[in-house]
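Notes follow once the structure below has been shown.
The values are calculated or read from the model by the stated rules, or taken from the named source; none is laboratory data. Note that the coordinates shown come from a computational prediction; the quantities given were computed from them, not determined experimentally. So basically every Cβ, Gly included, is an ideal-geometry build from the backbone, and we count neighbours across all protein chains shown. Side chains are part of the model used for accessible areas, which takes the heavy atoms of the whole protein and leaves out ligands, DNA and RNA. Shrake-Rupley method; radii C 1.70, N 1.55, O 1.52, S 1.80 Å.
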Amino acid sequence: GQKVVLITGCSSGIGLRIAVTLATDEKKRYHVIATMRDLKKKDKLLEAAGDVYGKTLMLLPLDVCSDESVRQCINSVKDRHIDILINNAGVGLLGPVESISIEEMKRVFDTNFFGVVRMIKEVMPDMKKRRSGHIVVMSSVMGLQGVVFNDVYTASKFAMEGFCESMAVQLLKFNIRLSMIEPGPVHTEFETKMMEEVAKMEYPGVDADTIRYFKDVYLPSSIDIFEAMGQTPEDIAKCTKKVIESDSPRFRNLTNSLYTPIVALKYADETGGLSVNTFYNLLFNFGPLMHITMNILKCLTCSCLRRRTISPD
Ligand code: NAD
């Protein structure tokens, strides 16, 4: 029979594309419940989905930051039966920590970390009873590796990785799979806009050197990296489909082979020195050439590292 898939954050970007990719599956294997905070934003998804809306695709409102909304949403699913939960909703946060209030940081954690926890708590008991299910979480390379000026976003994704790594063990006992997907940069419409906005912003209370490192060193190399090695939401949707269709889904799934050497550094040197110094050199000594350096790293590392990536095709 059809598998019921519930996805969070489907009004744009990766979530929208996953919903469309699964709902248009040729063998019609999925009944997709695409959820979003505000159903007024449904047009882009419906346009992309075409005639599968009302057939393999339905919509429900869901705000992952609200206990009540999460409960209501899952209660309105037939028999509360969800085979595959895809936690995609997330928010970014970029900039010098001195300029970010604790309230703003909590908002990021409430979405990226507690949002996933809320969903898992609501869906897991039924999956446990049925002794089946698959929970997928849209993490990030930044869930495994800290990235300068993305301190709080990175922390929220690390928190989720830690939570899920712990949960995966007991869930396996109930025949429930848990998979993290760790994309590198992905082109979504917000990315360039966010970077442009951030470049224009003033940062009162932040010292001049920090602002310079952020705006003149970090931002150009970050934009360069997005342009040189960004994947598309389609790529990530295809990877996600592969993960849920695998007979033995892996726990971690990096999608961009340029990042496997980077992530390997931290496991190669448990003191952390290798990671910190490599990132320091990449940022402050290679700066605008960062993506070339990363490509060289990729070429120099053995192909077995690269093969550990999940590829879209
Ligand atoms: P996006 O902004 O297009 O999508 C995020 C979606 O989550 C939006 O539709 C937004 O409305 C929704 N959302 C935010 N708060 C919500 C809430 N409280 N309840 C329900 N929905 C909410 O960006 P995206 O790139 O498609 O991001 C999707 C996921 O992929 C995020 O978890 C993000 O951290 C992760 N990710 C993105 C990138 C990238 O470079 N774009 C890289 C790695 C991981």
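Please give the solvent-accessible surface of Asp224 in Å², to the nearest 10, using a probe radius of 1.4 Å with every protein chain present.
It works out to around 30 Å².
Could you sort Met142, Met160 by their accessible area in this structure, using a 1.4 Å probe and putting the largest first? Show your work: numbers first, answer last.
Numbers: Met142 40, Met160 0 Å².
My answer, sorted largest first, is Met142, Met160.
In a Gaussian network model over the chain where Cα atoms closer than 10 Å are linked, find which of Cys65, Cys299, Cys164 has the largest mean-square fluctuation.
Highest fluctuation of the listed residues: Cys299.
Ignoring everything but the protein chains, give the 1.4 Å probe accessible area of Glu68 in square angstrom, nearest 10.
Only protein atoms counted, so the area is about 90 Å².
Along the three principal axes, how long is segment 1-44 when you take its alpha carbons, biggest first, rounded to the nearest angstrom?
Principal axes ranked by extent give 31, 15, 15 Å for the Cα atoms.
In terms of the Cα gyration tensor, with a ≥ b ≥ c the square roots of its eigenvalues, is segment 205-249 rounded because a/c is under 1.5, prolate because a/b exceeds b/c, or oblate?
In terms of gyration-tensor shape, prolate.
Does segment 29-180 come out rounded, prolate or oblate by the C-alpha gyration tensor, with a ≥ b ≥ c the root eigenvalues, rounded set by a/c under 1.5 and, if not, prolate when a/b is larger than b/c and oblate if not?
It is oblate, given that a/c is not under 1.5 and a/b is not larger than b/c.
For the chain, what is the charge dipole size about the Cα centre, in debye to the nearest 20, if Lys and Arg each add +1 at the Cβ and Asp and Glu each add -1 at the Cβ?
Values: 39 positive and 38 negative charges, 328 e Å.
Taking the Cα centre of the chain as origin, the dipole is about 1580 debye.
Show me, for segment 111-124, the HN-Hα J-couplings you get by feeding each phi into the Karplus relation (A = 6.51, B = -1.76, C = 1.60, θ = phi - 60°), rounded to Hz, glycine and proline as x.
In residue order, the calculated couplings are 7, 6, 9, 5, x, 5, 4, 4, 5, 5, 4, 7, 9, 4 Hz.
Per residue, how large is the accessible surface of segment 146-209? Use a 1.4 angstrom probe and give square angstrom.
51 Å²
Mean-square fluctuation check for the chain, GNM, Cα pairs under 10 Å: which of Leu93, Leu254, Leu62 is largest?
Most flexible of the set in this elastic network: Leu93.
Between Ser166 and Asp247, what FRET efficiency comes out of the Förster formula 1/(1 + (r/R0)^6) with R0 = 30 Å and r the beta carbon distance, rounded to 0.05?
0.80
List every residue whose amide H lies under 5 Å from the amide H of Gly133, counting only residues 5 or more places away in sequence or on a different chain, with H placed 1.01 Å from N in the peptide plane.
Arg177
Local charge sum around Ile292 (other residues, Cβ-Cβ under 14 Å, Lys/Arg +1, Asp/Glu -1)?
Residues close to Ile292 contribute a combined charge of -1.
How far apart, in nanometres, would the label points at Val97 and Leu300 be if each is projected 7 angstrom from Cα along the Cα-to-Cβ direction?
3.0 nm
Which of these, Glu104, Glu234, Glu165, has the largest mean-square fluctuation under a Gaussian network model of the chain (Cα springs below 10 Å)?
Of the options given, Glu104 has the highest mean-square fluctuation.
Starting from the Kirkwood radius over alpha-carbon pairs of segment 3-307, derive D by Stokes-Einstein at 10 °C in a medium of 1.306 mPa s and give it in µm² s⁻¹.
Working: Rh = 20.3 Å.
Result for D is 78 µm²/s.
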